[in-house]
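S.K.: Structure incoming, see below.
A short reminder: the numbers here are calculations on the coordinates, not readings from a lab. Bear in mind the structure is a predicted one, so any value in this text is a computation, not a measurement. With ideal geometry, Cβ positions are generated from the backbone for all residues, glycine too; neighbour counts draw on all protein chains shown.
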Amino acid sequence: MSAPGGAVPGHSVPGGARLVLATHNAHKVGELRAILAPLVPGLRERDVVSAADVGAPAPVEDGVTFAENALIKARALVAATGLPAVADDSGLCVDVLGGAPGIFSARWAGRHGDDRANLELLLAQLAEVPDPHRGAHFACAAALVLPSGEEVVETGTMPGTLLHAPRGAGGFGYDPILQPDGETRSAAELSAEEKNARSHRGQALRALAPRIAELLAR
């Protein structure tokens, strides 16, 4: 016997949920709701829930691109809940490192999610690289997967230059060392609103939003 909403046994879906986002971060769920709100009249908070809300475990992300890993996460959520799912994967791509850390951004120093160690290792590796060659960009792929098997992927980038030392207390990950093009501040010195308006993740989700809006309007 399947659980509510088509979920597999062991995973409960909150009543009224129509879309699940592959994150345990409430801020990211709020960001997606805010992007969708102008496109989906009458959008309710309960329409979009997180992986934490449904108790879904994180899958092994063994893809070799951001798009592949986003699809892995979204497909796993569809299988666990029976609901349409959205997932994103992102990282920092450094020109002189051939695009690394890339998909390994979150574990560049060897332990997943150790932001400080990742950042310090990267700065050490680039210590002798002069400013004209410190180009880099944040990249993101956002995927929508439907129970029918339909899949859509959109991407976004935020280009900039790597600083020699961290600046700013906002953001996370490599934000303190990337100065976006046209800015005098690091990404960590931007307000949340400023960052979301131009970020790689904001771009990818906004590009995906019309397809999500079509789905929720059905």
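S.K.: Using only alpha carbon pairs under 8 Å that are at least six residues apart, calculate the relative contact order of the chain and give it in whole percent. It would help to have the intermediate numbers written out before the result.
M.R.: Working: 432 pairs, mean separation 38.6, N = 218.
About 18 percent, as a whole number.
S.K.: So, by mean Cβ neighbours within 10 angstrom, what's the order for 180-191, 70-81 with the highest one leading? Working shown, then result.
M.R.: Working: 180-191: 16.3, 70-81: 23.5.
Ranking the peptides 180-191, 70-81 by packing returns 70-81, 180-191.
S.K.: Separate question: Quick one: if you stick a label point 7 Å off each Cα along the C-beta vector at Thr184 and Ala124, how many nm between them?
M.R.: Result for the modelled spin labels: 3.4 nm.
S.K.: Starting from the Kirkwood radius over alpha-carbon pairs of segment 108-218, derive D by Stokes-Einstein at 4 °C in a medium of 1.567 mPa s and give it in µm² s⁻¹.
M.R.: Values: Rh = 15.5 Å.
Rounded to a whole number, D works out at 83 µm²/s.
S.K.: Something else: Under a crude label model (7 Å from the Cα following the beta-carbon direction), how far is Phe172 from Asp62 in nanometres?
M.R.: Roughly 2.6 nm, to one decimal.
S.K.: Given the convex hull over the Cα atoms of segment 67-162, what projected area results after averaging over all orientations, in nm²?
M.R.: 6.7
S.K.: Between His24 and Arg116, what FRET efficiency comes out of the Förster formula 1/(1 + (r/R0)^6) with R0 = 22 Å and r the beta carbon distance, rounded to 0.05? Display every interim value, and only then the final one.
M.R.: On the way: r = 20 Å, r/R0 = 0.93.
Step by step, r from the Cβ atoms, then E = 0.60.
S.K.: At R0 = 22 Å, how high is the FRET efficiency between Glu193 and Thr157 if r is their beta carbon distance? Nearest 0.05 is fine.
M.R.: On the way: r = 20 Å, r/R0 = 0.89.
The computed FRET efficiency comes out at 0.65.
S.K.: Right, another one. Just to verify a number: FRET efficiency for Arg218 and Ala52, C-beta to C-beta distance, R0 = 25 Å, to 0.05?
M.R.: Details: r = 26 Å, r/R0 = 1.03.
Calculated value: 0.45.
S.K.: Over all Cα pairs of segment 40-107, how is the pair count split among 10 Å bins, expressed in % and running from 0 up to the last occupied bin?
M.R.: 19, 39, 27, 13, 2
S.K.: So what is the 222 nm mean residue ellipticity for the chain from helices alone, if each DSSP H run of at least 4 adds -39500 (n - 2.57) and you divide by all residues, rounding to the nearest 500 deg cm²/dmol?
M.R.: On the way: 6 runs with 67 residues, N = 218.
Calculated from helices alone, the mean residue ellipticity at 222 nm is -9500 deg cm²/dmol.
S.K.: Could you work out the local net charge near Asp47, counting Lys and Arg as +1, Asp and Glu as -1, over the other residues with Cβ closer than 9 Å to its Cβ?
M.R.: Working: positive: Arg18, Arg33, Arg44, Arg46; negative: Glu45.
For residues surrounding Asp47, the net value is +3.
S.K.: Using only Cα atoms, find the angle between the long axis of helix 26-36 and the longest principal axis of the chain, and express it within 0 to 90 degrees, rounded to the nearest 10.
M.R.: Helix 26-36 sits roughly 70 degrees off the main axis of the chain.
S.K.: Given N residues in segment 4-217, what is its alpha carbon radius of gyration divided by 2.2 N^0.38 Å? All intermediate terms of the calculation are to be shown ahead of the outcome.
M.R.: Numbers: Rg = 17.8 Å, N = 214, 2.2 N^0.38 = 16.9 Å.
With N residues counted in segment 4-217, Rg over 2.2 N^0.38 Å equals 1.05.
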